[in-house]
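Remarks on the structure that follows.
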Amino acid sequence: GSAVAARPPVGETTLWTRVPDPGNPEGIAVRKGVVYIGTHTPASGNSDEGPSRIFRFRLSNGKLLGSTKVKGQDRDATHGILGMEFDRTGRLYVLDRNPPRMLRFNKSLRKQKTYARFPDLHPCSSAEEGEACSPTESDQAPFPDYFAFDPSGNAYVTDLEAATIFKVPSGGGKAKIWF
């Protein structure tokens, strides 16, 4: 009879690689055998620290291939990058916490562009009539955290603190409340 290969138990993990400073990996995307991992903030915050970085690792063995520093972050406040995803052409999109924006990088990650910005929504209970607002009870800073593209290229971005999903039109521009 044929031998059946032993499978590791469900939940077993192994160390694939380590993320260099500033550490705190969050946001991951994989394309063409390369894993892209962003850095966020530790629980204690990271004011006055360096910029977030996007590291590139070889999928097959975890070898570090390089990194890119995120430009334009407010480093006097808590900052970090979160959700990451590629479009159909291979450009990388990244959500930045401070300032609250969506960035687009070219394929080499050498050029970065602000693709969209996210507004600071106040709770609807304290907002002016007709003003875009958040269905939350407390007033929190914007916190874009994850997103997905639809087939037409529109991005749908969740805001953790505003309990809101924004829609960013294909090609970038003003983020509008979608849900």
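The values are calculated or read from the model by the stated rules, or taken from the named source; none is laboratory data. Only a predicted model underlies this, so the values are computations on that prediction, with no experimental measurement involved. A quick note on method: Cβ atoms are made from the backbone with ideal geometry, for glycine too, and the neighbour counts reach across all protein chains shown. What goes into the accessible areas is simple: the full protein's heavy atoms, side chains included, and nothing from ligands, DNA or RNA. Shrake-Rupley method; radii C 1.70, N 1.55, O 1.52, S 1.80 Å.
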Legend entry - Members of the stretch 51-85 found to be assigned to a loop (DSSP other than H, G, I, E, B), closer than 18 Å to residue 160 by Cβ and small (Gly, Ala, Ser), listed by number: 52, 77, 80
Inset, instruction - Would you check which residues across the stretch 25-50 are touching a Ser or Thr at 6+ places or on another chain (Cβ under 9 Å), free of Cβ contacts under 8 Å to residues at least 40 places away in the same chain, surrounded by 13 or more Cβ atoms within 10 Å (Cβ to Cβ) and in a loop (DSSP other than H, G, I, E, B) and list them? - result: 46, 47, 49
Inset, instruction - Please give the number of the condition residue 120 fails out of (1) closer than 13 Å to residue 100 by Cα; (2) open to solvent by less than 60 Å² (accessible area, probe 1.4 Å). - result: (2)
Inset, instruction - Scan the stretch 54-77 and report the pairs whose first residue is more than 20 Å from residue 108 (Cβ to Cβ) and whose second residue is of a type in the set (Val, Ile, Thr) and modelled with pLDDT under 95, with Cβ atoms within less than 6 Å and a gap of 6+ or a chain change. - result: 62/17
Inset, instruction - Evaluate the stretch 153-175: report whether one residue or more is farther than 30 Å from residue 65 by Cβ and free of Cβ contacts under 8 Å to residues at least 12 places away in the same chain. - result: no
Inset, instruction - With the condition kept exactly as written, say whether any residue in the stretch 84-105 is more than 17 Å from the chain's Cα centre (by Cα) and of a type in the set (Gly, Ala, Ser). - result: no
Legend entry - Per-region count, the stretch 110-167, residues more than 16 Å from residue 80 (Cα to Cα), charged (D, E, K, R) and assigned to a loop (DSSP other than H, G, I, E, B): 9
Inset, instruction - Please tell me if residue 103 is in a strand (DSSP E or B), without any contact (Cβ under 8 Å) to a residue 60 or more places away in the chain, touching a Lys or Arg at 6+ places or on another chain (Cβ under 9 Å) and closer than 22 Å to residue 47 by Cα. - result: yes
Inset, instruction - Residue by residue through the stretch 52-104, note down the ones that are among the aliphatic types (A, V, I, L, M) and crowded, with 16+ Cβ neighbours inside 10 Å. - result: 54, 70, 81, 82, 84, 92, 94, 95, 102, 103
Inset, instruction - Kindly check whether there is at least one residue in the stretch 134-145 that is open to solvent by 30 Å² or more (accessible area, probe 1.4 Å), in contact with a Ser or Thr (Cβ under 8 Å, 6 or more places away or on another chain), touching a residue at least 12 places away in the same chain (Cβ under 8 Å) and closer than 22 Å to residue 28 by Cβ. - result: no
Legend entry - Leading residue by the ranking (farthest from residue 161 (Cα to Cα)) among those in the stretch 105-117 that are open to solvent by 20 Å² or more (accessible area, probe 1.4 Å) and not basic (Lys, Arg): 108
